[in-house]
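One structure is given here, and the rest of the page talks about it.
The values are calculated or read from the model by the stated rules, or taken from the named source; none is laboratory data. Bear in mind the structure is a predicted one, so any value in this text is a computation, not a measurement. In this analysis, Cβ positions are derived from the backbone assuming ideal geometry, glycine residues included, and neighbour counts consider all displayed protein chains. Just so you know, the surface numbers come from the protein's heavy atoms only, side chains and all, with ligands and any DNA or RNA stripped out. Shrake-Rupley method; radii C 1.70, N 1.55, O 1.52, S 1.80 Å.
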Amino acid sequence: MIVNLSAKNSLLHQFLNEIRDENKQKDSLRFRVNLERISQILGYELSKELEYNEIKVQTPLGIKSSLELKDTVVIANVLRAGIPMHYGLLQYFDHAENAFISAYRKYSKSGDFVIRLEYASSPNLDGKILVLCDPMIATGASLVATLEQLKKFGEPKKIYVLGVIASVVGLDYLSKNAVVDTILVGDIDDEITAKGYIVPGLGDAGDLAFGPKV
């Protein structure tokens, strides 16, 4: 299932507009904070799909029946662009465990690229809720490779992928090549360039958040 949150009226649109705006992008702090805000909105929407146990909470004046998250959540991000999203999700899922994956495009002289994975750190995933976040779901190839790598750490109960902006092509590739329960995104754009960048998109999220790389 794919959920596009831009179809709803909310402050999400303000934050999306700001990270897309080429003038506002010059403020890297503002860019990172907006990624965190968007991920918090995504995390809240995700929380509605999870399972809960009934509990009793002792207050100073009595006992209140309430709900508590049933399963352990593991938040995983694709370094480095996924770091602000990861931090934003931790503001809501503050008891979550954490996983980190390094995935990047290795370009050839012809302009083609392959996905390189050089680092993976994760707790055991058996029976847990895996939440994989990456700001840009462009071709979908890096997320498919990342999910394949995470299989080495166990079999999650459910897998959710969270993205800020996705392309139609990337969502289609991800849906066909990986087992994912739900994909939640802030917005969906129609096109990608020959080099795999989303159009209109916003550019390189990692560079905008943390500076250019060589």
- Add -39500 (n - 2.57) for each DSSP H run of 4 or more in the chain, then divide by its residues: what number comes out at 222 nm, to the nearest 500 deg cm²/dmol? -9000 deg cm²/dmol
- Residue with peak Gaussian network fluctuation, the chain [Cα springs, cutoff 10 Å], from 196, 163, 62: 62
- Note on the structure: With every protein chain in place, the accessible area of residue 210 for a 1.4 Å probe, in Å² rounded to the nearest 10, comes to 90
- Item | Proximal aspartates and glutamates to residue 24, defined as alpha-carbon separation beneath 15 angstrom and excluding residues fewer than eight positions away on the same chain | 204, 207
- Task: Could you work out how far helix 168-177 tilts from the main Cα principal axis of the chain, as a 0 to 90 degree angle to the nearest 10?
- Result: 60
- One quarter of the C-alpha convex hull surface, i.e. the mean projected area of the range 1-114 in nm², amounts to 11.2
- Message: I'd like the orientation of helix 28-47 relative to the chain: the angle between its Cα long axis and the longest Cα principal axis, in ° from 0 to 90, rounded to 10.
- Response: 50
- Antiparallel bridges, percent of DSSP beta bridges restricted to the chain (to nearest 5): 40
- Query: Taking H as built 1.01 Å from N, whose amide H comes closer than 5 Å to the amide H of residue 72, not counting residues under 5 places away?
  - Reply: 129
- Message: Straight-line reach only, C-alpha to C-alpha below 28 angstrom: list the lysines that residue 157 could link to, leaving out same-chain residues fewer than 8 apart.
- Response: 48, 56, 70, 128, 176
- Taking Cα atoms only, helix 141-150 is inclined relative to the longest principal axis of the chain by an angle, in degrees rounded to 10, of 40
- Message: Rounded to the nearest percent, how much of the accessible area of the chain (1.4 Å probe, protein heavy atoms only) is carbon and sulfur?
- Response: 52
- Item | Calculated Rg and Dmax of the range 1-62 using C-alpha coordinates, Å | 17.1, 54
- Message: Give the aspartates and glutamates reachable from residue 64 as a straight Cα distance under 14 Å; neighbours fewer than 8 places away on the same chain don't count.
- Response: 54
- Within the chain, longest stretch free of exposed trypsin sites (Lys or Arg not before Pro) [DSSP loop, at most 13 other beta carbons within 10 Å]: 110-194
- Query: Once P(r) over Cα pairs in 5 Å bins from 0, in percent is worked out from the coordinates, which option in [x] 2, 8, 14, 19, 16, 14, 12, 8, 5, 2, 1, 0, 0; [y] 1, 7, 15, 19, 20, 16, 10, 5, 3, 2, 1, 0, 0, 0, 0; [z] 1, 6, 12, 15, 16, 15, 13, 11, 7, 4, 1, 0, 0 does it equal?
  - Reply: [y]
- Item | Rotationally averaged projected area of the range 83-186 (alpha carbon convex hull; nm²) | 6.8
- Message: Could you give the length gained by full extension between residue 13 and residue 49, i.e. 0.36 nm per residue of separation minus their alpha carbon distance, to one decimal place?
- Response: 10.7 nm
- Query: Could you give the length gained on full extension between residue 204 and residue 30, defined as 0.36 nm per residue of separation minus the Cα-Cα distance, in nm?
  - Reply: 61.1 nm
- Given GluC sites (Glu not before Pro), DSSP loops and at most 11 other Cβ atoms within 10 Å, the longest exposed-site-free stretch of the chain is 52-214
- Note on the structure: Once amide hydrogens are built 1.01 Å from N within the peptide plane, the residues lying 5 or more places from residue 133 or on another chain with amide H under 5 Å from its amide H are 76, 77, 78, 162
- Note on the structure: Within the range 146-179, the residues whose backbone N lies under 12 Å from a label point placed 7 Å from the Cα of residue 117 along the Cα-to-Cβ direction are 146-154
